[in-house]
Every structure is written in C-alpha cells, then in structure tokens.
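Below: one structure, written as structure tokens.
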Amino acid sequence: MLRNLITLHPTEAPAASAAAASGKPLKIGLITDQSKALQLYGQQEINGFKLGLQYATEGTNTVAGRPIELIVKDDEGNADKARQLARELIEKDGVEILQCCASTTSALAVIEVAKENQKIAVIDPAAGPQITGANFNQYVFRTGRNTLQDALTAGPYMVESVGKEFVQIAPDTDFGKGSAASWRSIIESNGGKFVADDVLISRRCSVVMVREKQRRSSRSWG
C-alpha cells in the first residue's frame, strides 16, 4: 500500500528523491480512540497498521529510502478533537499521511482536514458509507469495508431466507444513520419491507426508552 501511495504524484518525483537522499523520515499520523467507547477498535487499528508497515517494508520500516515514523494520537472518540489532532499532526509534526479512525464521525472530520491540506487520509476501521460516498474527496483512501458493502452481502439473503418485514434500531450517530440508510436501501431493493421508521438511540438509551421510541413510531409494528 505505501509503495503505491508514494507514486500517486509522479510530478513531485524530484522532491521525493531529495527526501530519500537526505534520509528524511516519512511521518504518518495515526488518530484513533484509545480511551473511550471504541478503544477496542482503536487498539486493533494500531496493531494492524504496525503489522502492515512491517509486512509492506519487509521488516525494514523504510520506504523509498526513508525511515517511517509513526505518531499515534488519541481522539477519545471525539470528532472535534480528531480534527484538531489532524491539523496539529500536519502543521506541527509535519506528517505526510494520516491514518484514522475508529469513529465514522471522527473520520468525516479528518478527511476534511486532509482535503484542506492536500494530504492522503487512509481510513479504517471507520465504516460509515459517507466516507467514500457523500463526503468523499480525492485524498481519501479507504482500506476496509463499509456498511453498505455489509448490506449488499447480507441483505439479499435476509429477505430470501429470514423474512420480508423488518424493523431497524441503530445508534444516533453518523455511523448508525449511514448504516441504517444502507440497509434500508438494500433490503427494499430486494423486495423487503420496513414496517416502522428507523429507531435511532443514544449511548445512554435504555431498553425502556427504545420501546417508547418504537411506540411513538409513525407506523405501529406490534
């Protein structure tokens, strides 16, 4: 992957050659959740990225004659902090590539910073379809699946083998809303039917609150 990323701008070869000749580090900024709700995904992201670097560089941690320096930052699952960290990594630390995020909302913030600064943003594991859909820009490089692809895989089977009528409960986040829209479109396009509006819940939502949201849905589903 890194070998391919380095060759995306062939007109910049002289600068790249100068950096390689000087042994200037290739700095990569990794932003993810290390301490809040998505920290398990964040740790997997960090571990996987480090293993990927080791594999891609055959253990040398060097690409195009440049040693790789990985700078890891905790966004605490907060999009505003992710945006701030992305700017700091570019402006203060001099990173050339961003890797993020566990949270889709954080990823949406980071890819805007990447666009403003013309830096590549490698996205995974954030899986909201908006990242390479409605909010896509030319600096986004997604390395994992998204929830639309999940729905494309499982949706037809569910309509054919599980049932024809569905109700959808999703977190009230960019990830949840994007996922719900994906599943709804695929289920309906394969002949399934949603018998209620989507129920979007917050992190603090209890089972009782979910049932109340269901009761107030514009269409009763029992």
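Can you tell me which residue within segment 148-195, out of those that are of a type in the set (A, V, I, L, M, F, W, C) and part of a loop (DSSP other than H, G, I, E, B), is farthest from Leu53 (Cα to Cα)?
The residue in question is Val195.
Test Thr62 against the criterion of being surrounded by 15 or more Cβ atoms within 10 Å (Cβ to Cβ), touching a residue at least 24 places away in the same chain (Cβ under 8 Å) and of a type in the set (Ser, Thr, Tyr), and give yes or no.
no
If the Cβ limit is 9 Å and pairs must be 6+ apart or interchain, which residue in segment 183-195 that is in contact (Cβ under 8 Å) with a residue 24 or more places away in the chain pairs with which residue that is of a type in the set (Phe, Trp, Tyr) and surrounded by 15 or more Cβ atoms within 10 Å (Cβ to Cβ)?
Going by the 9 Å Cβ cut-off, the qualifying pairs are Trp183/Phe166; Ile187/Phe166; Ile187/Phe194; Gly192/Phe166; Lys193/Phe166; Phe194/Phe166; Val195/Phe166.
Please go through segment 114-142 and give me each residue that is in a helix (DSSP H, G or I) and either of a type in the set (D, E, K, R) or in contact with a Cys (Cβ under 6 Å, 6 or more places away or on another chain) (or both), ordered by number.
Those that are in a helix (DSSP H, G or I) and either of a type in the set (D, E, K, R) or in contact with a Cys (Cβ under 6 Å, 6 or more places away or on another chain) (or both): Lys115, Glu116.
Note down all Cβ pairs under 9 Å where the first residue falls in segment 92-119 and is in the same structural domain as Thr32 (by TED's automatic domain parsing) and crowded, with 20+ Cβ neighbours inside 10 Å, the second is modelled with pLDDT under 95 and not in a loop (DSSP other than H, G, I, E, B), and they're at least six residues apart or on different chains.
Ile97/Leu2; Ile97/Leu5
Arg145 versus (1) touching a residue at least 12 places away in the same chain (Cβ under 8 Å); (2) in a helix (DSSP H, G or I): which is the lone unmet condition?
Arg145 satisfies all of (1) touching a residue at least 12 places away in the same chain (Cβ under 8 Å); (2) in a helix (DSSP H, G or I) except (2).
Only one residue in Ala79, Ala114, Ala64 is more than 27 Å from Ser179 (Cβ to Cβ) and not β-branched (Val, Ile, Thr), so which one is that?
The match here is Ala64.
Residues in segment 137-150: is at least one more than 28 Å from Val72 (Cα to Cα) and small (Gly, Ala, Ser)?
For segment 137-150, residues more than 28 Å from Val72 (Cα to Cα) and small (Gly, Ala, Ser): absent.
So is Gly128 loosely packed, with under 14 Cβ neighbours inside 10 Å, outside the structural domain of Gly176 (by TED's automatic domain parsing), in contact with a Gly (Cβ under 9 Å, 6 or more places away or on another chain) and under 22 Å from Gly176 (Cβ atoms) or not?
Considered against the rule, which asks whether it is loosely packed, with under 14 Cβ neighbours inside 10 Å, outside the structural domain of Gly176 (by TED's automatic domain parsing), in contact with a Gly (Cβ under 9 Å, 6 or more places away or on another chain) and under 22 Å from Gly176 (Cβ atoms), Gly128 comes out as no.
Using the structure shown, decide if Ser179 is among the hydroxyl-bearing types (Ser, Thr, Tyr), at pLDDT 95 or above and on the phi < 0 side of the Ramachandran plot.
Considered against the rule, which asks whether it is among the hydroxyl-bearing types (Ser, Thr, Tyr), at pLDDT 95 or above and on the phi < 0 side of the Ramachandran plot, Ser179 comes out as yes.
Being among the small types (Gly, Ala, Ser) and closer than 16 Å to Gly42 by Cα is the filter here; which residues of segment 87-111 pass it?
Ala102, Ser103, Ser106, Ala107, listed by residue number.
In contact with a Gly (Cβ under 7 Å, 6 or more places away or on another chain), of a type in the set (A, V, I, L, M, F, W, C) and without any contact (Cβ under 8 Å) to a residue 60 or more places away in the chain, is that true of Ile46?
No.
The values are calculated or read from the model by the stated rules, or taken from the named source; none is laboratory data. It should be emphasised that the depicted structure is a prediction, and the values quoted were computed from it without experimental measurement. Cβ coordinates were reconstructed from backbone atoms using ideal geometry, including for glycine residues, and neighbour counts include every protein chain displayed.
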